[in-house]
Amino acid sequence: MPFDLPPMTRALLIANIAVYLLQMFAGQILVVHFALWPLGPDQVAGFAADGTPVMVGFRAWQLLTYAFMHGGLPHLFFNMLALFMFGGQIERLFGERNFLVYYFVCVVMAAVAQLAVVHWFTGGYYPTLGASGGIFGLLLAFGMMYPQARIISLYMPIPLPAWIVVIGYMALELFLGVTGTQAGVAHFAHLGGALGGFVLIQYWRGRLPIKPKRILMR
């Protein structure tokens, strides 16, 4: 795992940390406008000092902006640790432009999955924030591109092939999401990010009906 991060991975790390620091100073105003809120009519989240109601609701830009915000220091730390671990490797393989395309496709697909699950299944009206959708996309890409690389996961502190770790993480996320065991975590957003990454890699490999101009030879 090289320490000399390529430019886009480094920029994403800096941007996430900077936004988190801004959250600390700005309070909930960033969450009101830039976290991912459920589909449907706006709702009253509270009242300003002058008594004006503070309205929250879904806006199109939230499909991207939510991924630069975090709910606390541990949330930020583990996401940035994973970005540091996997982002550089994937950026060097894909190139800067394709890396950004890949990352943000995963972020958007994670948001779409979360919106769909909340709207049609779980209900509730609460914001979603965090880079985890993009991070799970990077984890998926690492497992597909470097299946035999050894990873020590948080749940199994022994070196395992990347493909086993990835499948294990995805299965765990599906189980936790279906059973609702770990409340407050957007498990289906994680899976949505990984699914978006899988489809895009398959497209780049030329394995979908629509073919890319340049095939990813790996």
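The values are calculated or read from the model by the stated rules, or taken from the named source; none is laboratory data. Every value quoted in this text rests on a predicted model; they were computed, and no experiment measured them. Here the Cβ is made from the backbone with ideal geometry for all residues, glycine too, and neighbour counts use every protein chain on show. In case anyone asks, the SASA skips ligands and DNA or RNA and just uses the protein heavy atoms, side chains included. Shrake-Rupley method; radii C 1.70, N 1.55, O 1.52, S 1.80 Å.
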Tell me the Kirkwood hydrodynamic radius of the range 119-218 in angstroms, computed as one over the mean inverse distance between distinct C-alpha pairs. 15.0
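Express the carbon and sulfur contribution to the solvent-accessible surface of the chain as a percent, rounded to the nearest whole number, probe 1.4 angstrom. Don't skip to the end; give the middle numbers.
On the way: 8340 of 11680 Å².
Answer for the chain: carbon and sulfur cover 71 percent of the accessible area.
Could you tally the net charge around ASP4, taking each other residue with its Cβ under 12 Å from the Cβ of ASP4, Lys/Arg +1 and Asp/Glu -1? Each step should come with its number before you reach the end.
On the way: positive: ARG10, ARG92; negative: GLU91.
Around ASP4, the charge tally is +1.
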Could you work out [θ]222 nm for the chain from helices alone, using -39500 (n - 2.57) per DSSP H run of at least four and dividing by all its residues? Round to the nearest 500 deg cm²/dmol. -17500 deg cm²/dmol
Would you mind getting the accessible area per residue of the chain, heavy atoms of the protein chains only, 1.4 Å probe, in Å²? 54
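On average, how much area does the Cα convex hull of the range 15-122 cover when viewed from any direction, in nm²?
Values: hull surface 32.5 nm².
With every direction weighted equally, the projected area is 8.1 nm².
Using packing as a proxy for protection, rank 39-49, 185-195 so that the peptide with the highest average count of other Cβ atoms within 10 Å comes first. Display every interim value, and only then the final one.
Working: 39-49: 10.3, 185-195: 24.9.
Highest-to-lowest ranking by the protection proxy: 185-195, 39-49.
By average Cβ neighbour count within 10 Å, what is the ranking of 17-28, 157-168 from highest down?
Values: 17-28: 13.7, 157-168: 15.2.
Descending mean neighbour count gives 157-168, 17-28.
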Translational diffusion coefficient, Stokes-Einstein: compute it for the range 36-85 using the Kirkwood radius over C-alpha pairs as Rh, at 37 °C and 0.692 mPa s, and state it as an integer in µm² s⁻¹. 249
Taking just the alpha carbons, could you work out the radius of gyration and Dmax for the chain, both in angstroms? 17.9, 60
